[in-house]
Amino acid sequence: MATLTFHGHSTFSLRTDEGLDVVIDPFFSDNPGFDGSLEDVAADFILLTHGHHDHVADAIPLAERTGATIIASYEIASYMEKRGLSTSPQHIGGGVEYPFGYVKMTPALHGGMVELPDAEAFTTVPAGFLIQLKGGKSVYHAGDTALLTDMQLLKGRVGVAILPIGDRYTMGPDDAVRAVDFIEPDIVVPCHYDTWPPIAQDGDAFASAVGTRARVELMAPGTSLEL
Ligand code: NI
Ligand code: MN
């Protein structure tokens, strides 16, 4: 049984049936929701949806310490490779089979600036990830994105949908409900809200708005969900 842990904001980790640790968007040190130590975070694979600070801030130190493979867009992976890190480049629409399952990069409509040392001058296409675990469960992390009609293509393929609801920079709650209509997941985990005042939202109101469309899990930072 895989375990999904929320670390606050948009940072999640999966412990898979194979005992592998998959970290999505490692933002720990500056994350108001994370009260542990980056030194204690385990990682075999690190998935990066895009280059914004609140998604990649701790990617390099985490990869350097753990030797984890960074799964990211070709541009970000190339940058990481030049820093001597292990990478697996992908791009939108493409998937790769890993020891824990199949990971496909999905479209996201958002900004692409890369906020890493000496990288501010280039941009890349932001993404989400559809993770089809070998154990049979599937997790979709939408990344930072607007509502996309493309999400309809995910219908019937997603067990757990991790969706931003913060508004301002990403979908707000109303569009996230429409995303649930498109995707029809079993479980919805809202994220990218309440981290800071500009993206404050009412999680309970979102859960009510989703209603019977799906089970909504309002994960508090530091809590886990058995999949
Ligand atoms: Ni962003
Ligand atoms: Mn963000």
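Just so you know, all these numbers are worked out from the coordinates, no wet-lab data involved. As the structure is a prediction and not an experimental result, all values here were calculated from the model. All Cβ positions, even for glycine, are placed from backbone atoms using ideal geometry, and neighbour counts span all protein chains on display.
Taken one residue at a time, the phi angles of the range 174-179 give Karplus couplings (6.51, -1.76, 1.60, θ = phi - 60°) of 4, 5, 5, 5, 5, 4 Hz. Gly and Pro are set to x.
Taking a Cβ cut-off of under 12 Å around Gly143, the surrounding Lys, Arg, Asp and Glu residues balance to a net charge of -3, with basic ones at +1 and acidic ones at -1. Charge tally for Ile46 (other residues, Cβ to Cβ under 12 Å; Lys, Arg +1; Asp, Glu -1): -4. Rounded to the nearest Hz, the phi-derived 3J(HN,Hα) couplings of the range 214-227 under the Karplus curve 6.51 cos²θ - 1.76 cosθ + 1.60 (θ = phi - 60°) are 6, 7, 9, 10, 8, 7, 6, x, x, 9, 10, 10, 7, 9, where x marks glycine and proline.
Taking amide hydrogens as placed 1.01 Å from N in the peptide plane, the amide H of Val188 sits under 5 Å from those of Ala161, Arg215, Val216, Glu217, each at least 5 positions away in sequence or on another chain. With a ≥ b ≥ c the root eigenvalues of the C-alpha gyration tensor of the chain, is it rounded (a/c under 1.5), prolate (a/b larger than b/c) or oblate? The shape class here is rounded.
Computed 3J(HN,Hα) for the range 196-203, one whole-Hz value per residue from the Karplus formula 6.51 cos²θ - 1.76 cosθ + 1.60 where θ = phi - 60°, is 9, x, x, 10, 5, 8, 9, x, glycine and proline marked x. If the reach is capped at under 30 angstrom between alpha carbons, list the lysines near Lys155, excluding any in the same chain fewer than eight residues apart. Of all the lysines, those that pass the test against Lys155 - Cα under 30 Å, at least 8 places apart if same chain - are Lys104, Lys134, Lys137. Charge tally around Gln90: other residues with Cβ under 12 Å, Lys/Arg +1 each, Asp/Glu -1 each, net -1.
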